[in-house]
Amino acid sequence: MSARVLLVGIGGLGPWVLERLVRSDAVGGVVAADVDGARAAAVAGGTRLGTTLERRPVAVEATALDLMDADAVARLLQEREIDLIVQAGSLLPVQRWWSIAALPDAGPRLQRAGLGPWLALQLLLPLSLARAIERCGWQGTLLNLSYPDAVNAVIARTTAVTPAGAGNVSLLAAAVRQAVAEQEGCRPDEVEVALSTHYAHVRWAMGGGERPRRHGVLRVLRDGADLTDRLDPFELLRRGGALIPWGEASHPLTAASVVRHVELLLGERAGAEHMPGPCGLVGGYPVRVGRDGVVVDPPPGTTVDALRVVQEETQQEDGIAAIAADGTVTFTDEAAEQMRSLFGAASAELHPDDVEEQARRLLAALDGFGTGGAATAPLRNSTNRK
Ligand SMILES: NC(=O)c1ccc[n+]([C@@H]2O[C@H](COP(=O)([O-])OP(=O)(O)OC[C@H]3O[C@@H](n4cnc5c(N)ncnc54)[C@H](O)[C@@H]3O)[C@@H](O)[C@H]2O)c1
């Protein structure tokens, strides 16, 4: 059966995902949606023309959709008979963020704070989408790309939806396989790895922020032979991370991870992969993915629970102290201090009902940040809430 996929968020990453989805035999139709309907229409128009040129029998539509509008989401899911949603909408102005991250003074402080304190900007749209899904009772799969290492845990704890994820640990696992193959002088398909890594590992392996205390390399096999003990795990992550391109250049790679997961989620046979934020868990894990869902699949010698504990510890290195059972997120003291030194104020925690308000304050902080390495307009009306 060819499935109908809704792809929301046709920004920087979305068009790459769209190009890959329409070339997958598992996908019979894609609806490309964005709050900026004109942009979605322009991008989908080009993609549709490409499929006409290649004589691919796939339907490509575009529509304006505001993920904050639960009724519009419900209508679209029902009218277009959507089987799976890929969520790539975001409020984080990536270019603005990276321009601050590149400043010699502010950049290291931004990296020390981690991605965690920016959670509200990544969480608002997928959380709003999950609430809309819960309300209308849609039964398909939500694949969320926005910081799934943390966002999926909040969504699973506050709604009836348990999203899948893609990218992050999935990219690092492929990169480590390739790095091992280069070292061993063999082909990447002869190498199997099992990693349990958080986004904090991916960021460090790619050259940003501090080295996490735990490495998360669980097993490395070449043609079934176990190489794990003779490899330096941190060195391996670093060499893998160096293979992952920075910024927009990584979009084709992330799109490859998305399509791999989409095909497993829709396909007849389950397969082994790596996924950030599976089953409502914090961080990334080895998983088995299939039409019946996602199962965390640790190698012999460890358990899901042991991995979960390590990932919850590692998220602190991305600025998140804890995600409570009710979805309340507490930021680390270090993250709050770095954010305060950069923007004049910081929140100590994020409650699921305050996501929109905190997102608005973070956007104002980014807008007010001068390029000279200091905030020109500290956050207004913000309190350091407990
Ligand atoms: N998992 C991974 O490995 C990975 C890799 C790259 C990017 N990402 C994530 O993917 C997401 C998208 O990244 P990007 O670089 O394309 O961001 P972007 O800012 O370029 O695009 C975001 C899109 O969301 C749209 N949008 C904003 N508000 C909306 C709303 N209310 N309803 C519908 N659409 C709305 C915007 O119009 C924009 O087109 C981000 O969360 C980013 O962190 C994940």
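The C-beta contact set for the stretch 64-93 (first residue closer than 19 Å to Gly12 by Cβ, second residue of a type in the set (Ser, Thr, Tyr), distance under 6 angstrom, 6+ apart or interchain) comprises Leu67/Ser128; Ser90/Ser146.
Yes/no matrix, rows are residues, columns are (1) of a type in the set (S, T, N, Q); (2) surrounded by 19 or more Cβ atoms within 10 Å (Cβ to Cβ):
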| residue | (1), (2) |
| --- | --- |
| Ser146 | yes, yes |
| Ala164 | no, yes |
| Ala179 | no, yes |
| Glu190 | no, no |
| Val202 | no, yes |
| Arg211 | no, no |
| His215 | no, yes |
| Leu227 | no, no |
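Per-residue answers, yes or no, for (1) of a type in the set (A, V, I, L, M); (2) in a helix (DSSP H, G or I):
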{"position": "Arg213", "(1), (2)": "no, no"}
{"position": "Phe234", "(1), (2)": "no, yes"}
{"position": "Arg239", "(1), (2)": "no, yes"}
{"position": "Pro245", "(1), (2)": "no, no"}
{"position": "Glu248", "(1), (2)": "no, yes"}
{"position": "Val262", "(1), (2)": "yes, yes"}
{"position": "Leu265", "(1), (2)": "yes, yes"}
{"position": "Pro300", "(1), (2)": "no, no"}
{"position": "Thr314", "(1), (2)": "no, yes"}
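Conditions (1) surrounded by 15 or more Cβ atoms within 10 Å (Cβ to Cβ); (2) over 16 Å from the mean Cα position of the chain (by Cα); (3) not assigned by TED's automatic domain parsing to the domain that holds Gln87, marked per residue:
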residue: His251; (1), (2), (3): yes, no, yes
residue: Val262; (1), (2), (3): yes, no, yes
residue: Glu268; (1), (2), (3): no, yes, yes
residue: Cys279; (1), (2), (3): yes, no, yes
residue: Val282; (1), (2), (3): yes, no, yes
residue: Pro286; (1), (2), (3): yes, no, yes
residue: Gly290; (1), (2), (3): yes, yes, yes
residue: Pro300; (1), (2), (3): no, yes, yes
residue: Thr303; (1), (2), (3): no, yes, yes
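When the stretch 256-286 is filtered for residues that are within 11 Å of the ligand (Cβ to nearest atom) and out of contact with any Pro (no Cβ under 9 Å at 6 or more places or on another chain), the ones remaining, listed by number, are Ala256, Ser257, Val258, His261. The residue pairs whose first member lies in the stretch 335-356 and is hydrophobic (A, V, I, L, M, F, W, C), whose second member is in a strand (DSSP E or B) and modelled with pLDDT under 95, and whose beta carbons are closer than 8 Å, counting only pairs six or more residues apart or on different chains, are Leu342/Phe369; Leu342/Ala375; Phe343/Phe369; Phe343/Ala375.
Of all residues in the stretch 4-57, those satisfying the criterion of being farther than 19 Å from Asp69 by Cα and of a type in the set (Asp, Glu) are Glu19, Asp25, Glu54. For first residues located in the stretch 157-182 and without any contact (Cβ under 8 Å) to a residue 12 or more places away in the chain, partners that are part of a helix (DSSP H, G or I) and lie 6+ apart or on another chain with Cβ distances below 6 Å form the pairs Ala181/Pro188.
Residues of the stretch 100-117 being assigned to a helix (DSSP H, G or I), of a type outside the set (A, V, I, L, M) and either surrounded by fewer than 23 Cβ atoms within 10 Å (Cβ to Cβ) or more than 13 Å from the chain's Cα centre (by Cα) (or both), which ones? Before you say what the answer is, go through the steps one by one.
Filtering the stretch 100-117 for residues assigned to a helix (DSSP H, G or I) gives 100-101, 106-113, 116-117.
Then keep just the ones that are of a type outside the set (A, V, I, L, M); that gives 107-109, 111-112, 116-117.
Selection gives Gly107, Pro108, Arg109, Gln111, Arg112, Pro117.
Inside the stretch 327-350, residues that are touching a Lys or Arg at 6+ places or on another chain (Cβ under 7 Å), farther than 12 Å from Pro117 by Cα and open to solvent by 10 Å² or more (accessible area, probe 1.4 Å) make up a count of 1. Annotation: Leu145 fulfils all but one of (1) more than 10 Å from the ligand (Cβ to nearest atom); (2) aliphatic (A, V, I, L, M); (3) within 21 Å of Asp292 (Cα to Cα); the unmet one is (1). Applying the set (1) under 18 Å from Val289 (Cβ atoms); (2) at pLDDT 95 or above; (3) not β-branched (Val, Ile, Thr) to Arg269 leaves exactly one unmet item: (2).
Scan the strands (runs of 3 or more DSSP E) fully inside the stretch 1-84 and keep the ones with 2 or more residues being farther than 26 Å from Leu127 by Cβ and outside the structural domain of Leu125 (by TED's automatic domain parsing).
Numbers: elements: 3-8, 27-34, 59-64.
Correct list: empty, since no element meets the threshold.
Only residues that are part of a helix (DSSP H, G or I) and touching a strand residue (DSSP E or B) at 6+ places or on another chain (Cβ under 8 Å) were counted in the stretch 267-283, giving 2. Any chance the stretch 19-26 includes a residue that's out of contact with any strand residue (DSSP E or B) (no Cβ under 8 Å at 6 or more places or on another chain), open to solvent by less than 20 Å² (accessible area, probe 1.4 Å) and either of a type in the set (Phe, Trp, Tyr) or more than 16 Å from the ligand (Cβ to nearest atom) (or both)? So far as the stretch 19-26 goes, yes, one or more of its residues are out of contact with any strand residue (DSSP E or B) (no Cβ under 8 Å at 6 or more places or on another chain), open to solvent by less than 20 Å² (accessible area, probe 1.4 Å) and either of a type in the set (Phe, Trp, Tyr) or more than 16 Å from the ligand (Cβ to nearest atom) (or both). Scanning the stretch 90-99 finds one or more residues that are modelled with pLDDT of 90 or more, among the polar types (S, T, N, Q) and open to solvent by 20 Å² or more (accessible area, probe 1.4 Å).
The values are calculated or read from the model by the stated rules, or taken from the named source; none is laboratory data. Keep in mind that this is a model prediction, so the values were computed, not measured. A quick note on method: Cβ atoms are made from the backbone with ideal geometry, for glycine too, and the neighbour counts reach across all protein chains shown. Remember, those area values only see protein heavy atoms, side chains included, never the ligands or the DNA or RNA. Shrake-Rupley method; radii C 1.70, N 1.55, O 1.52, S 1.80 Å.
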